[in-house]
Structures are given as structure tokens and as C-alpha cells.
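Written out below as C-alpha cells is the structure these notes cover.
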Amino acid sequence: GSQKVDRKVDSVCPFCGVGCLITYNVRDEKIISVEGRDGPANHGRLCVKGRFGFDYAHHPDRLTMPLIRKPGVPKEVRPYGVDWRDTFREATWDEALDLAAGTLKGLRDTHGPKALAGFGSAKGSNEEAYLFQKLVRTGFGSNNVDHCTRLCHASSVAALLEGVGSGAVSNPVNDVEHAELIFLIGSNPTANHPVAATWMKNAAKRGARIVLADPRVTDIGRHAWRTLQFKADTDVAMLNALIHTVIDEGLVDEAFVRDRTTDFEALKANVMGCSPEAMAPVCGIPAETLREVARAFAQAKASMILWGMGVSQHVHGTDNARCLIALCAVTGQIGKPGSGLHPLRGQNNVQGASDAGLIPMMFPNYQRVDNAGAHAWFEGFWGTKLDDAPGYTVVEIMHKALAEGSDPHKVRGMYIMGENPAMSDPDLNHARHALASLSHLVVQDIFLTETAWLADVVLPASAWPEKTGTASNTDRMVQMGRRALNPPGDARPDLWVIQQIAARMGLAWDYEGEESGVAAVYDEMRQAMRASIEGITWDRLERESSVTYPCLSEDDPGQPIVFTEQFPTPTGRLKLVPASVIPGAEQPDDAYPLVLITGRQLEHWHTGSMTRRSAVLDALEPLATASVHGDELARLGGGAGGRWWRCVRAVGRCRCACAATMARRAVRCSCPLPMSRRLPIC
Ligand code: SF4
């Protein structure tokens, strides 16, 4: 407050899906501090990322000129200590854009539309996501467009669309203040959604019971009434046991099931064999504890389920979410305050990017590309022929990049905006190999990321504080971010770059107005998404900063709690879908005895490209960490707090015999090569 500033600019935190509203304090064209605003998701609160993670925008690593790969330089993981000038040369925008778009166009014309793919971003704005998918569908000519949701909540969304007819949350996070029981599964909110976690802790303090279901008892376990430390990958067994108990002990909300659901008998038949006693040895939770939790969930006035990647990032992630939907439905715990289903969105705009159509099988607002009505509507709306076949997911795109040359659907060219799959893909060696094998890779980013290092053309983009645009948080709030700074050097707003590529691919777009016509793009997107955001006009967002959808008219305040009367399914009812208990895709064996699960660090976010370049965040947590059970640690010969520092410091490609299985051998590797030639996890 006492700092002297040149201006204060209201925006949204660019990190997690909580969507805290912030104010940037700017002096001498630099952000000097960030304050929390009284937004509906944060009420003035910020976590350490939101408060201190702003200086990445000023980092000397920022890309300030377009780059073109030098001829003959092999595409390989960045060798340690190599100067970027050995690999790339600086170029003008015209030269870089002509090369990027011209080569993509040439590949499309020679090999057909399926030869191209786009990987958009959940870190950017809704307008960027909308325009990016429009470019791929109308310019590249196929639906090969996706983003990080594929590796995050796509499985949850599949279950939710099938079950309740909408992929978004039923209740906002801070509705936990009305809950008597909070069932938190596969999520570590104090690290990943820190401000959201404060609402949960407050609820616990006033008496709400938190049930934490997780193979690892994380920080919020201190506030839990019960912790279900179940064996990894046995979610369906544990959840079916809870549903079984509800039915077996006569705790079903009969009226809700009768009036508002379908297929109860199939669900009931499926869980008949899943008694807590039968499932206890499978999931590792005592039968009596399972029964106790099921009773408490069903008998609470309001019970709410929140979940994260621990549920969705499985071969059977969709089944896991189906069980959560069923648990809410049979107990009538949905459609009222303090209840319902909340898949916590990770990236700041993964909800909005999905809504805006950055998905291979859906146009904006989840309208299927193979639905004749939706397809015809978008052909008319965009004034061009569109492919009616779902495109490839990012997983399939990586496979198709490595397909034989004779495959007519081989992906040969790719445009990646603001994502870093060479660091975030679950099968890194495969993804890096796929990206490196492309005939042409265009990467648009703010840093020379691991992915950009494999590109033919690198386009320097704008950081979040350098542009105006909207983002939609985990609570379905569409929120306005405003430009506080100009991009450094010759870096440009992403919206401008997408339009330049589009123009060079022959698309006659005309978005007039300030900042590359952002308001015009938003308005077009709103027309394509009338069923959810019709009432959220640009002017209204400028005035109110945050409006929750569904919002169907300008005087509609927005609907934080949905499904109060019916579900947006074809029948108007929630569809119960049984899930069978099946073993995980991979079981531990003598060669690979450990079950590894993912985790989160409070200070870091999405491959660290931004947070590792924020001085405070990197100083607070300079290392990647692994949590290992004490017994296992003793067996491995380590001690608590010990460091296998090679794992995070070494970079480069390992050329020893163990290269293919290196990532799985992790700490056991006895690679004889010098550090500079090893994989990061060597
Ligand atoms: Fe930003 Fe998420 Fe932290 Fe809020 S909780 S300040 S949105 S990182």
C-alpha cells in the first residue's frame, strides 16, 4: 500500500484454476508487487505463487525476437550449456511468419488436412483458445486440435458429460462453507489450489467433516475427520464399497433416485459384489471405516466431492469419476448448496479453453463435431466447410507424428501455442521423439522451452500481464485480465500472432479494435456459446470483472449452483453408470517394484517454465522432490532429506545401454556417462 506506483492494473492470477483476482502494481514499466482483490473466488487472498510469482515476465530469458532454426542442426533435447545461437538465428516477423504458415500450408496442400495438428493452451485467454481452434478447423482443415485437458480432466469430463450432461462443476469451491461433509479425493489442494484449500480448512474449523481419500496423506489431512489412505489405483473398489453400503444399509435418497436419475438397477446390480468386507483387502481400508464414511456421507445435510488428478489420470479415470457421480446421486447430494461434484481444474484457464472448443471432438460449448446440427451451424457461422470427423487427441497426435510415411494420416506439421509437451507429456522420450520427427514445428511461447528447442520456427509471445483477455476458473467464473505491460522487444500478443498465421493460410478474418480485436473475438465466441455465456458481454466483464455461467441474459447474476431442478441430459435426469473393479494397467514386479504417483509443489506450476524464473518461488523451492515411504527409503539406502541431486541437475540425452528404460529405473541407474549426457532423471 505504501509503495509508490505508476499505475495499478486489475487482472487475474495466471497460475492455478482457483482464479484469484489480483492487482498488478507497476512502476517504471515493471511489476513491483501484486495484491489480492476481493474476487468471488479469493476474497482478497493469494497464495505464494499469486503474490510473488510475477517477475518471470521480466526475466532475461524472455524471447524478444522470432527465431528460425539453422539448417542442419539436429533436433534433440537441449544439450547442457549450449548457447541458443548455435541452434537458432533471429528473424523478422514477416520472415518467421511466412516460413511458419507457408510450410504448414504446403504440408496441408501436399498431404491433406490431417497432416497438420494444433496444440493450444490452457495458460492463455479464452479468446486465444477460441481463435486457435478456429484456425485449426477452418485453416488447417481438420479437427486435430487439443490441449492439456487431455492429460488432466478429460476423463472426468467424459464421465460428467455422460452422467450429468455438463463437464463443469456443480458448485463452486467456497460452497464448502455450506457442507457438513467434504469428500476430497486425489487432490492436494494446499499445494495445488492453495486459496481453495483455505475454504476447506475454514469449513473444518466450523465443524464440517473432511474425508481425505488419497494414497498419500497430504497436508490437509491434518484437518481431516477421516483419512482413507487407499492403495494406489483401487479407487473403483473403494468407491463401489461406499455405494454398496449406501444401498445395503437403506441410506439411498429414494425420491431423488426415482425422480432424477436413470439406471439405478444396473448400478445396484454392479455393486452387489462390492461390499466393504470384500473390497477392504483390495483397497486397503478397513470395512468398518468404509461403512462409517458411507453413512456419514449419506446422512450429512450436505456432502460435497472435490477431486483432482489422482482420480482422473488413470487408465480407468472415467470409471473413477462415474463412481463419484453415482455416490452423489444415490445419496441425493447434488443440486443444493454445499453438495455436488467439483473436479478442481488445474491450469488457470483449462475450463475456459475446453469451453472455447480446444478439443478435437467438440466445437465451442461441447457441441460434437459429428453432430449434424452442430456441424451445420458452425459451417454457417464460420462460412466454410468443416470436417465432421473428430480429430486426434494430443496423445494420438504424438503417435501419428511417428507413423510410417505411407500412413495417410501421419501428422507432419504442428503449431504449439503456450504449452510444453516436451516436458509435460507423461511419456517424455516418446513425445520428444515425436516432436523432433515432425517436418515442421512452430512453437509460440514466452521462453525457449524444452518444446521450443525442438521447433523450426519460434514465435515470441506475450506473458499474461501483457495482454487483455478473459479466463474461466474452476468455478465457471469468466474473469477479465487486463494488460499491465507491453511485451518486451519484438514479442507480440498471441491473438495477433494467431491472426497473422491465419492470414497467411488464406483466411480472411477481420477482428477490429484494440489489442488485436480481443473484444470482437470474445463477442464472436459468445455467439457460439449462447447456452452458457450469452449474458456475459464484454462491457459487463469490464464493469464486473467476474461473472459466473450459465448466464443467459445481461440481468442474470449467473448460476453458481446448477442441477437444482434437472440435469442437461437428453432425459433431464442423471444417468448412473456402473464401473467394474479392474486392476491397474501395470502392476509392480521384481524389475519395477515401486508404484509411483504424481504430486505437486506449492511453489511451482506446469513444467516450471514460469515459476522457475520467478526469483522468490525458485528460492523457496529450488529442487524437485519425491516423497518416499520411510521403509522404502531405508531399503534404497537413503535417509530422510537426502538428495539424489543428479536427478534434477543433469540434462542431456543419455546414450548408455539403459536409455530406453531410464526413466523407470530412476535412482537405480548406474550409468557410466558424464552428467552432461544423461537424461534428467538419470
Ligand atoms: Fe493464483 Fe491459484 Fe494461488 Fe490463487 S490459489 S493466487 S489463482 S496460484
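The values are calculated or read from the model by the stated rules, or taken from the named source; none is laboratory data. Predicted, not measured: the structure shown is a model, and the values here were computed from it. Note: ideal-geometry Cβ built from the backbone for every residue, glycine included; neighbour counts use all protein chains shown. The area values use the complete protein model at the heavy-atom level, side chains included, leaving out ligands, DNA and RNA. Shrake-Rupley method; radii C 1.70, N 1.55, O 1.52, S 1.80 Å.
Can S424 be described as under 23 Å from the mean Cα position of the chain (by Cα), hydroxyl-bearing (S, T, Y) and open to solvent by 30 Å² or more (accessible area, probe 1.4 Å)?
Numbers: under 23 Å from the mean Cα position of the chain (by Cα): yes; hydroxyl-bearing (S, T, Y): yes; open to solvent by 30 Å² or more (accessible area, probe 1.4 Å): yes.
Criteria met by S424.
Among the residues making up the range 167-220, a single one is of a type in the set (G, A, S), under 21 Å from V293 (Cβ atoms), within 16 Å of the ligand (Cβ to nearest atom) and in a helix (DSSP H, G or I): A197. Within the range 1-52, restricting attention to residues that are basic (K, R) and open to solvent by 10 Å² or more (accessible area, probe 1.4 Å), which residue is farthest from the ligand (Cβ to nearest atom)? Result: K4. Scanning the range 190-205 for residues that are surrounded by fewer than 21 Cβ atoms within 10 Å (Cβ to Cβ) and of a type in the set (S, T, Y) yields a count of 1.
Condition check: over 24 Å from V311 (Cα atoms) and hydrophobic (A, V, I, L, M, F, W, C). Does A374 satisfy that? Please lay out each step first, then the result.
Numbers: over 24 Å from V311 (Cα atoms): yes; hydrophobic (A, V, I, L, M, F, W, C): yes.
Answer is yes for this residue.
Is it the case, given these coordinates, that A508 is of a type in the set (A, V, I, L, M), open to solvent by 40 Å² or more (accessible area, probe 1.4 Å), over 24 Å from R37 (Cβ atoms) and part of a loop (DSSP other than H, G, I, E, B)? Yes: the conditions hold for A508.
Kindly indicate the residue of the range 53-62 that is touching a strand residue (DSSP E or B) at 6+ places or on another chain (Cβ under 7 Å) and buried (at least 20 other Cβ atoms within 10 Å of the Cβ) and also farthest from Q444 (Cα to Cα) among those meeting that condition. Of everything passing the filter in the range 53-62, F54 is farthest from Q444 (Cα to Cα).
Please find, among M304, M309, the residue that is over 30 Å from R526 (Cα atoms) and either surrounded by 24 or more Cβ atoms within 10 Å (Cβ to Cβ) or within 26 Å of the chain's Cα centre (by Cα) (or both). Write out each step before concluding.
Values: M309 fails: over 30 Å from R526 (Cα atoms).
When all the criteria are applied, what remains is M304.
Based on this model, can you work out whether A321 counts as open to solvent by 20 Å² or more (accessible area, probe 1.4 Å), hydrophobic (A, V, I, L, M, F, W, C) and part of a helix (DSSP H, G or I)? Working first, answer last.
Numbers: open to solvent by 20 Å² or more (accessible area, probe 1.4 Å): no; hydrophobic (A, V, I, L, M, F, W, C): yes; part of a helix (DSSP H, G or I): yes.
No: the conditions fail for A321.
Would you check which residues across the range 93-115 are free of Cβ contacts under 8 Å to residues at least 40 places away in the same chain and open to solvent by 40 Å² or more (accessible area, probe 1.4 Å) and list them? Those that are free of Cβ contacts under 8 Å to residues at least 40 places away in the same chain and open to solvent by 40 Å² or more (accessible area, probe 1.4 Å): D94, E95, D109, T110. Looking across the range 151-174, the residues that are over 19 Å from the mean Cα position of the chain (by Cα) and surrounded by fewer than 24 Cβ atoms within 10 Å (Cβ to Cβ) come down to E162, G165, N174. The set of residues from the range 231-249 being open to solvent by less than 10 Å² (accessible area, probe 1.4 Å) and within 22 Å of P189 (Cβ to Cβ) comprises D235, M238, L239, L242. Inspection of the range 490-500 finds no residue satisfying the criterion of being within 16 Å of the ligand (Cβ to nearest atom), open to solvent by less than 30 Å² (accessible area, probe 1.4 Å) and either free of Cβ contacts under 8 Å to residues at least 60 places away in the same chain or farther than 30 Å from S339 by Cα (or both).
For the range 206-230, the set of residues classified as open to solvent by less than 40 Å² (accessible area, probe 1.4 Å) and under 23 Å from the mean Cα position of the chain (by Cα) consists of L212, A213, D214, T218, I220, listed by residue number. Applying the criterion of being buried (at least 17 other Cβ atoms within 10 Å of the Cβ) and of a type in the set (A, V, I, L, M) to the residues of the range 369-401, the residue that is nearest to P426 (Cα to Cα) is V395. Considered as a group, the residues in the range 165-218 that are out of contact with any Leu (no Cβ under 6 Å at 6 or more places or on another chain) and hydroxyl-bearing (S, T, Y) include one that is nearest to L242 (Cα to Cα), and that residue is T218. Collect the residues in the range 595-630 that are within 14 Å of the ligand (Cβ to nearest atom), assigned to a helix (DSSP H, G or I) and of a type in the set (A, V, I, L, M, F, W, C), keeping them in residue-number order. Scanning the range 595-630 gives V616, L617, L620. Within the range 324-346, does at least one residue satisfy the condition of being of a type outside the set (D, E, K, R), in contact with a strand residue (DSSP E or B) (Cβ under 8 Å, 6 or more places away or on another chain), farther than 30 Å from M505 by Cα and modelled with pLDDT under 95? Scanning the range 324-346, I find at least one residue that is of a type outside the set (D, E, K, R), in contact with a strand residue (DSSP E or B) (Cβ under 8 Å, 6 or more places away or on another chain), farther than 30 Å from M505 by Cα and modelled with pLDDT under 95, so the answer is yes. Annotation: of all residues in the range 79-92 being under 15 Å from V458 (Cα atoms) and in a loop (DSSP other than H, G, I, E, B), the one that is most open to solvent (accessible area, probe 1.4 Å) is T92. Condition check: within 27 Å of R476 (Cα to Cα), surrounded by 17 or more Cβ atoms within 10 Å (Cβ to Cβ) and among the β-branched types (V, I, T). Does T598 satisfy that? Here the answer is no, as T598 does not meet what is asked. Tell me yes or no: at least one residue of the range 559-566 is under 24 Å from T474 (Cβ atoms), surrounded by fewer than 18 Cβ atoms within 10 Å (Cβ to Cβ) and touching a Gly at 6+ places or on another chain (Cβ under 6 Å). Yes, the range 559-566 contains at least one residue that is under 24 Å from T474 (Cβ atoms), surrounded by fewer than 18 Cβ atoms within 10 Å (Cβ to Cβ) and touching a Gly at 6+ places or on another chain (Cβ under 6 Å).
Condition test on R295, is it in a helix (DSSP H, G or I), among the charged types (D, E, K, R), in contact with a Pro (Cβ under 6 Å, 6 or more places away or on another chain) and surrounded by fewer than 24 Cβ atoms within 10 Å (Cβ to Cβ)? Full working, then the answer.
Numbers: in a helix (DSSP H, G or I): yes; among the charged types (D, E, K, R): yes; in contact with a Pro (Cβ under 6 Å, 6 or more places away or on another chain): no; surrounded by fewer than 24 Cβ atoms within 10 Å (Cβ to Cβ): yes.
No: the conditions fail for R295.
Among the residues of the range 570-595, those identified as at pLDDT 90 or above and open to solvent by less than 40 Å² (accessible area, probe 1.4 Å) are G572, L574, L576, V577, A579.
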